[in-house]
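Taken together, the values in this text are just the output of simple stated rules run on the coordinates, not laboratory data. Because the structure is a prediction, the values reported are computed rather than measured. Cβ sites come from the backbone with ideal geometry, for glycine too, and all protein chains shown count toward neighbours.
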Amino acid sequence: MKQVKLEGRPVAVATIFCVGRNYAAHIAELNNVRDDLPLVFLKPQSALLGPGGRLTLPKYSHDVHHECELVLLIGRDADHLPVEQALDAVAGYGVGLDLTARDIQGELKAKGHPWTRAKGFRGSACVSDFVAASRVPDPARLRFSLSVGDDVRQRGDSAMMLHGVAELVSWLSAEYGLQAGDLIYTGTPEGVGPIHAGAHLVAELDGLVSAQWDVVR
């Protein structure tokens with residue numbers, strides 16, 4: 001079973017939830033349609049890659065994109081949480097990359113097929129270590145960024161989410177149920193783009209935690 005670290009302590013990972021189309025500008029840049037409900041998909045545990053790992057691009061794709069996101073670590077089992085209590089279930093906050101084989105995703109969407117091959121390859125769920133929720137004064141105002149080399153590619157702020165942190169936790173707990181160790185990738189802002197072998201990626205969460213990865217083919 002894969003693990004992440006919360007304040008240096010290993011935590012076993014359960015389900016990896018990912019939320020798509022949660023920032024208006026990102027929806028616009030990909031010419032997608034806004035959904036009233038959160039758009040959710042899953043990644044396998046084998047997709048998880050911790051800080052400092054070497055990111056191997058899948059051989060079957062020639063257009064892998066970075067998507068930098070705020071990531072939540074669930075600390076206890078939760079079912080049908082009201083929004084007012086939802087943040088109590090979050091044990092920690094981190095930053096991660098939901099990598100997407102964009103060319104493969106386009107082919108799958110055209111056929112009406114699931115996105116798993118485009119979203120679930122090894123290393124496609126990069127993630128930092130996590131800081132305790134008690135260290136985050138306001139999860140609704142967390143800034144994060146991704147740099148590729150010296151170029152800042154993405155800047156995000158959880159205040160700009162269409163479905164906020166508490167709303168997502170509440171909704172997922174009602175729709176699917178949450179378990180201790182679940183991860184929730186909360187969606188990416190605008191600025192997604194391709195990465196290539198040799199790139200050095202650095203993701204940072206509001207001065208609280210950062211992580212880096214080197215891309216190889």
- Please list, in chain and number order, the residues 5+ apart from VAL71 or on another chain whose amide H is under 5 Å from its amide H, with Hs placed from the backbone. GLY94, VAL95, GLY96
- Assigned charges on the beta-carbon of Lys, Arg, Asp, Glu; the chain dipole about Cα centre (debye): 760
- Task: Can you run the Rg to Rh ratio on region 1-111? Use alpha carbon positions and the Kirkwood inverse-distance Rh.
- Result: 0.98
- Message: I'd like to compare 10-23, 106-119, 128-141: which one has the highest average count of other Cβ atoms within 10 Å, and what's the full order after that?
- Response: 10-23, 128-141, 106-119
- Specify which residue in the list ALA101, SER158, VAL19 is farthest towards the positive end of the charge dipole of region 3-216, using unit charges on the beta carbon of Lys, Arg (+1) and Asp, Glu (-1), about the Cα centre. ALA101
- Task: Using a Förster distance of 35 angstrom, determine the FRET efficiency expected from the C-beta separation of GLU29 and ASP77, and round it to 0.05.
- Result: 0.45
- Message: Restricting to Cα pairs below 8 Å that are 6+ residues apart, what does the relative contact order work out to for the chain? Please round to a whole percent.
- Response: 33
- Message: Over the chain, how many pairs of lysines fall under 19 Å by alpha carbon, counting only those 8 or more apart in sequence or from different chains?
- Response: 9
- Note on the structure: Rounded to the nearest 5, the percent of DSSP beta bridges in the chain running antiparallel is 85
- Note on the structure: Rounded to whole angstrom, the alpha-carbon centroid of region 74-151 lies from that of region 181-217 at a distance of 10
- Query: Short version: ³J(HN,Hα) in whole Hz for each residue of region 181-194, in order, from phi by Karplus 6.51 cos²θ - 1.76 cosθ + 1.60 (θ = phi - 60°), x for Gly and Pro, what are they?
  - Reply: x, 5, 10, 10, 7, 9, x, 10, x, 5, x, 4, x, x
- Task: Tell me which residues come under 5 Å, amide H to amide H, from ASN22 once H is placed; ignore anything under 5 positions away on its chain.
- Result: THR188
